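Derivation of every value follows stated rules applied to the coordinates shown; laboratory data play no part. On a predicted model such as this, the values are computed, not experimentally measured, just so you know. Because the Cβ atoms are built from the backbone with ideal geometry, glycine has one as well, and the counts that use them run over all protein chains shown.
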Amino acid sequence: MRKQVSKIAVCAALVQTAAAQAADPQATSATQGQRITQAGEQASIPGPDQYFTGRVRIDPVWPADKDINASGSLVTFEPGARSAWHTHPAGQRLVVTSGVGLTQEWGKPVQVIRPGDVIHCPPGVKHWHGAAQGTAMIHLAVTPSLDGKNVNWMEKVSDEQYAAR
Ligand code: MN
């Protein structure tokens, strides 16, 4: 039951439903004290074909809750895989944890991102992120919600756009 609740909460947060904002019933509070989510409690989720090109795996880290209104997810992109174009109503921070990746803001050149790089994406800026052509990439995504929404999905990144460097 517990596993299911967190999977739904995080999936919703990533795939933009009004439920993204639903308060985590297990959220930490001063009266409850610390709580540890144990490794293995949260199931991996395939990145939906509708919003990703190639093979992508989302490993939920924490859902947005009443204390911190931002979800955390580790996202693994296989070589060539990437998100569709999108914006975040409340912005996003990405921390590359392994591999080599690419990101692009609409109208600007594709940029290479590497472990330790932090991408600061302001609210409303159209962009995509993913792996390099021949190398997988993993990033931690910290994505706040605004009125229950944390992403607005747009068109997919074409092969021409992806390869333009
Ligand atoms: Mn993003």
Taking 7 Å along the Cα-to-C-beta vector as the label spot, tell me the residue 120-residue 32 distance in nanometres, rounded to one decimal.
3.2 nm
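Excluding residue 100 itself, calculate the net charge of residues whose Cβ lies under 15 Å from the Cβ of residue 100, where each Lys or Arg counts +1 and each Asp or Glu counts -1.
Surrounding charge for residue 100 is +1.
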Based on the alpha-carbon gyration tensor of region 35-151 and its eigenvalue square roots a ≥ b ≥ c, which shape applies: rounded if a/c is under 1.5, prolate if not and a/b is larger than b/c, or oblate?
oblate
Expressed as a whole-number percentage, the relative contact order of region 47-165 with C-alpha contacts under 8 angstrom and at least six residues apart is 33 percent
Mean Cβ count within 10 Å, highest first, over the residues of peptides 70-83, 88-101
70-83, 88-101
